[in-house]
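Below: one structure, written as structure tokens.
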Amino acid sequence: MKQLIVSLVFLVIWLPSLLFAAGNTSFSPALEQSDAWKGPYKKWKIEKRSFYFDGFKPEMLIHANLSTKSGPYPVVIKADFMEWLYGGGRRKIKSGAVYITGRQDFPFVTQWGLEHDAGLKYSIGEMRFNGLFLFTLFFCLALPVLLTLWLMVDEVTIDTPQERKRKYLDFVELVKDIENRAQGNPLWLRRKTIRLAFLGYLVVIGSILLMLPVGLGLGAALVVLTGGNAGVAKLAFVIAAVPIGFAWHMGKSLLSPSFDYEGVEVTAQDCPKLFALLEEICQKANGPMFKRVFIDNQLNASVTRSGGLLGFFGMGPVVLTIGLPLMQSQTAKQLSGVIGHEYGHVAAKDNVWGQWVYRIRNSWLVLDDKLRFEHLWYTLKLNRFYEWFIATFSAYSFALSRSCEYEADAFSARVAGKDAIAEALSSLAVYGDQYNGTFWRKIWERSDTGENLQNIAPYKEIPPFFGNLEDVSDSIEQALKRKTDYTGTHPSVSDRLAALGTDFNVPEPPTPGHSAATALLEGMAEKLANDFSREWQEKAQEHWEGRQEERKHWQNRYEELKTKPVGDLEEEDLRELVSAAGRMEDDDLYYKASEEMLRRHPDSAGALLNCLWYRLMVEKDESQLAEMEKLLKTHPSYTADVCGYAIEFLEKDGRAEEAKPYHEKLDDWHYLSRAANDERDAILSADEFKAHDLPEKALTYLSEHAAKHPIIARVYLAQKDVKYMPEFPCYVIAYKTKPGFWASQKKVDEDVMQFIYESGLPEEFLFIEADGVSGLEKKLKQIDGTVIYQKAK
């Protein structure tokens with residue numbers, strides 16, 4: 001029914017628009033008033049209106065009688081759509097006097113028609129037209145396209161785990177096929193990917209341009225069809241604003257001048273030696289100098305062109321970001337290899353277009369995240385195109401990006417030296433693993449000892465950490481084991497070094513005082529280390545103190561309970577002993593307490609899993625793997641734990657091949673987990689809800705919390721019906737706002753965010769505006785007990 005109504009509305013708007021477009025054209029010679037013309041006849045009366053098709057062109061006719069001295073004189077006047085609809089003095093249009101031209105193709109014309117004909121200033125062959133014809137023609141062509149897209153629109157849905165896995169496997173197979181074909185013809189890959197990129201831009205920008213005339217045309221058509229009174233004009237403005245608003249929203253998503261760069265910006269005055277190195281690399285590459293340089297707190301480096309108005313098109317300013325930890329872990333020579341590699345992505349002249357695709361790939365993925373659940377995006381039916389485009393473009397750009405990584409390595413070898421990039425790649429693989437794993441683990445372990453957070457400055461401790469590294473054999477083994485796969489565009493370090501014609505050889509880490517940070521940043525290095533450490537302390541303080549309090553609590557409970565016989569403990573004390581022993585890593589006591597819990601509660605899956613873990617990991621009883629498999633049949637939510645235990649047990653025993661089925665099962669669980677997360681991250685029009693099961697205490701808290709925020713007028717609480725992992729509930733808090741008369745939208749958004757943030761609710765609670773999804777409030781009203789707060793009037 002809805003589609004039928006929309007189709008009828010379309011015809012009511014489109015057919016008159018088509019006639020209006022036809023009325024702004026003519027295939028007859030221009031009308032030129034002469035002495036052979038008779039008239040003007042000022043008195044005449046319309047008898048009726050009609051139209052017919054002259055070939056493909058509709059002709060609109062006004063049948064009238066002129067008042068002459070010899071009596072009424074019947075005439076048939078060719079008219080444009082406006083005169084045909086409103087002519088003869090009705091409404092706004094006054095046709096004026098009628099002339100008898102004596103021409104066979106145009107025997108009669110009104111003063112309006114004469115002036116209108118004079119306005120047809122443009123011509124193509126015999127056809128004459130005006131500017132309105134071009135606008136209306138575009139509108140008439142665009143409107144059927146939009147109707148077709150709307151009628152074909154899909155409901156926004158959540159991919160099933162099976163669909164996610166199928167898409168990933170299809171992606172991998174497509175990338176493999178592309179790489180195989182590109183081995184003998186790399187130019188084909190570049191051209192294909194570039195064409196896809198331009199197709200994407202064409203569709204997205206075209207959809208924006210399409211919306212502008214459609215919005216104006218809808219508003220204009222409504223005004224024309226209804227005579228243009230004030231009330232209709234307001235409605236026309238609202239209708240026109242919808243597609244124009246979409247164009248604005250899409251444009252904002254594409255053009256992002258507010259791109260945020262992370263880190264601290266430095267200049268040549270701050271770090272002359274660093275900028276001298278950058279100048280040297282740019283001169284060797286014969287490329288442009290970096291517009292801006294930032295130092296951040298990551299062990300990484302990157303060159304972007306994502307900022308500015310042209311950032312989405314990969315043509316923004318060239319900006320370099322270098323991580324202070326990276327500079328602390330490498331020598332100046334090695335850092336030049338890293339910078340040379342990154343600079344190769346923007347300055348390699350032998351593959352300008354390929355490197356351009358490398359830069360814009362992430363822009364498309366970001367746009368995908370922005371518009372995934374935008375209803376106007378889907379109403380335009382771009383979702384079907386975009387699903388195909390992202391899958392195809394991602395595969396081709398993935399293959400091209402991987403080849404660009406090899407090209408950037410080769411570029412760095414030319415401008416910085418093969419030894420520099422080879423040492424940089426090897427040290428990154430090993431020392432990056434040590435930094436991300438061992439270094440930060442040791443930092444956080446210090447919270448367990450009660451150490452004051454203000455005494456810890458991690459970014460000042462990085463140089464001595466690398467200077468005192470002794471055994472990195474595990475990191476080297478992991479780096480060499482890693483194979484090039486399809487989880488990222490970067491090839492394995494082994495493959496990258498092989499492409500350079502060099503071996504994996506880990507250089508000694510720089511000693512304190514001899515790193516790239518000290519050599520190139522000089523005095524700035526210590527200042528940045530202090531600043532980053534202070535920022536880290538501010539961000540980590542709440543978690544650090546919470547971790548210390550939690551550790552102290554469980555340590556006290558452990559000391560209090562560990563000497564008591566587990567069989568004599570009260571239920572709550574037994575539960576706490578299991579947790580305390582686990583946190584204090586007392587495996588034997590953990591097992592005893594879990595066994596007692598299982599004896600009291602034979603159906604406790606958690607206690608059973610604890611016992612199975614101990615027997616497998618501590619007692620090395622391999623038969624417990626089969627018992628864990630049995631547990632999963634009734635409690636699949638423990639899949640991640642069981643697979644993790646099995647993989648660790650088998651791989652430590654050198655049986656990596658036997659661990660593969662558990663890896664596959666864990667992958668499937670991750671697909672399920674991501675589907676469950678997506679299902680809980682959004683509310684769709686097809687979603688169903690049921691009454692919540694929260695206690696009165698929780699409802700009182702939520703009601704009192706809402707009352708503290710004047711912006712909130714009403715709050716609904718319900719439980720969303722979820723398909724994936726239903727054992728984990730999803731609660732929906734739908735709110736309605738009532739802002740003050742003069743409140744700005746920015747102020748309203750800030751107040752709502754404060755209401756959400758200060759609630760302190762866990763992640764299973766999803767906040768949404770009650771009228772944010774079509775039909776949501778209506779569904780919630782039909783469930784008893786969903787209104788938990790109503791602001792007093």
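The values are calculated or read from the model by the stated rules, or taken from the named source; none is laboratory data. Note that the structure is predicted; figures quoted are calculated from it, not measured. Neighbour counts run over all protein chains shown; Cβ positions are idealised from the backbone, glycine included. Calculation scope for accessible area: heavy atoms of the full protein, side chains included, ligands and nucleic acids excluded. Shrake-Rupley method; radii C 1.70, N 1.55, O 1.52, S 1.80 Å.
In degrees between 0 and 90, to the nearest 10, how far off the longest principal axis of the chain does helix 186-226 point, with axes built from Cα atoms? For helix 186-226, the angle is close to 50 degrees. The residue list Phe138, Tyr386, Val172 was ranked by how far each Cα lies along the charge dipole of the chain toward its positive end, using unit charges on Cβ atoms, and Phe138 comes out on top.
Between Pro729, Phe290, Leu528, the Cα set farthest toward the positive side of the dipole of the chain (charges on each charged residue's Cβ, about the Cα centre) is that of Phe290.
Using the heavy atoms of the protein chains and a 1.4 angstrom probe, tell me the accessible area per residue for the stretch 568-680 in square angstrom. Walk me through the intermediate numbers first.
Working: 6020 Å² over 113 residues.
Normalised by residue count, the accessible surface of the stretch 568-680 is 53 Å².
Taking trypsin sites (Lys or Arg not before Pro) across the stretch 36-84, the ones in a DSSP loop with at most 12 further Cβ atoms lying within 10 angstrom of their Cβ are Lys42, Lys43, Lys69.
Basic side chains Lys and Arg get +1 at the Cβ, acidic Asp and Glu get -1 at the Cβ, and with that the dipole of the stretch 568-680 about its Cα centre reaches some 380 debye. Based on the alpha-carbon gyration tensor of the stretch 568-680 and its eigenvalue square roots a ≥ b ≥ c, which shape applies: rounded if a/c is under 1.5, prolate if not and a/b is larger than b/c, or oblate? It comes out oblate by the Cα gyration axes.
For the stretch 652-695, applying the loop criterion from DSSP together with a ceiling of 15 other beta carbons within 10 Å to the GluC sites (Glu not before Pro) yields Glu688.
Using DSSP, restrict attention to beta bridges with both residues in the stretch 29-108 and report what percent are antiparallel, rounded to the nearest 5.
Values: 22 of 22 bridges.
Expressed as a percentage, antiparallel bridges in the stretch 29-108 total about 100.
The stretch 512-651: percent of C-alpha pairs farther apart than 26 Å? That tail contains 48 percent of the Cα-Cα pairs.
Within 10 Å, count the other beta carbons around each residue, average over each peptide in 479-490, 329-340, and list them highest first.
Numbers: 479-490: 13.2, 329-340: 24.7.
Taking the mean over residues of other Cβ atoms within 10 Å, the ranking is 329-340, 479-490.
Across all Cα pairs in the stretch 499-588, the calculated P(r) in 5 Å bins from zero up to the longest distance comes to 2, 10, 12, 10, 8, 8, 8, 9, 9, 8, 6, 5, 2, 0 percent per bin. To put it simply, the accessible area of the stretch 29-108 at a 1.4 Å probe is 54 percent carbon and sulfur. 3J(HN,Hα) along the stretch 273-286, derived from phi through the Karplus expression 6.51 cos²θ - 1.76 cosθ + 1.60 where θ = phi - 60°, amounts to 5, 4, 5, 5, 5, 5, 4, 4, 5, 5, 5, 4, 7, 6 Hz, with x in place of Gly and Pro. Counting only residues at least eight positions apart within a chain, or on another chain, the lysines with an alpha carbon under 19 Å from that of Lys527 are Lys273, Lys460, Lys539. Rounded to the nearest 20 debye, the dipole magnitude of the stretch 689-790 is 360 debye, with +1 charges on Lys and Arg beta carbons, -1 on Asp and Glu beta carbons, and the Cα centre as origin. What is the stretch 29-108 by shape, rounded, prolate or oblate, if you read a ≥ b ≥ c off the alpha carbon gyration tensor as root eigenvalues and call it rounded for a/c under 1.5, prolate for a/b larger than b/c, and oblate otherwise? It comes out oblate by the Cα gyration axes.
Expressed as a fraction of 2.2 N^0.38 Å, the rule-of-thumb size for a compact globular protein of N residues, what is the C-alpha radius of gyration of the stretch 689-790? Write down the numbers at each step before the final one.
On the way: Rg = 13.7 Å, N = 102, 2.2 N^0.38 = 12.8 Å.
My calculation over the Cα atoms of the stretch 689-790 gives 1.07.
Please get the size of the charge dipole for the chain, origin at its Cα centre, with Cβ charges of +1 on Lys and Arg and -1 on Asp and Glu, quoted in debye to the nearest 20. Show your work: numbers first, answer last.
Values: 92 positive and 108 negative charges, 1228 e Å.
Magnitude of the dipole: close to 5900 debye.
Solvent-accessible area of the stretch 691-793 (1.4 angstrom probe, protein heavy atoms only): carbon and sulfur portion equals 55 percent. Of all beta bridges that DSSP places with both ends in the chain, some 85 percent have antiparallel geometry.
Tell me the angle of helix 523-561 to the major Cα principal axis of the chain, expressed in degrees between 0 and 90 and rounded to the nearest ten. Approximately 60 degrees, to the nearest 10.
Ranking His341, Ala420, Trp742 by Cα position along the charge dipole of the chain, where only Lys, Arg, Asp and Glu carry charges on their C-beta atoms, puts Trp742 farthest toward the positive end. Under 19 Å of direct C-alpha separation, and excluding same-chain neighbours fewer than eight residues apart, Lys165 reaches these lysines: Lys176, Lys660, Lys665, Lys723. Of the GluC sites (Glu not before Pro) found in the stretch 104-208, those that fall in a DSSP loop while having at most 16 other beta-carbon atoms within 10 Å are Glu126, Glu155.
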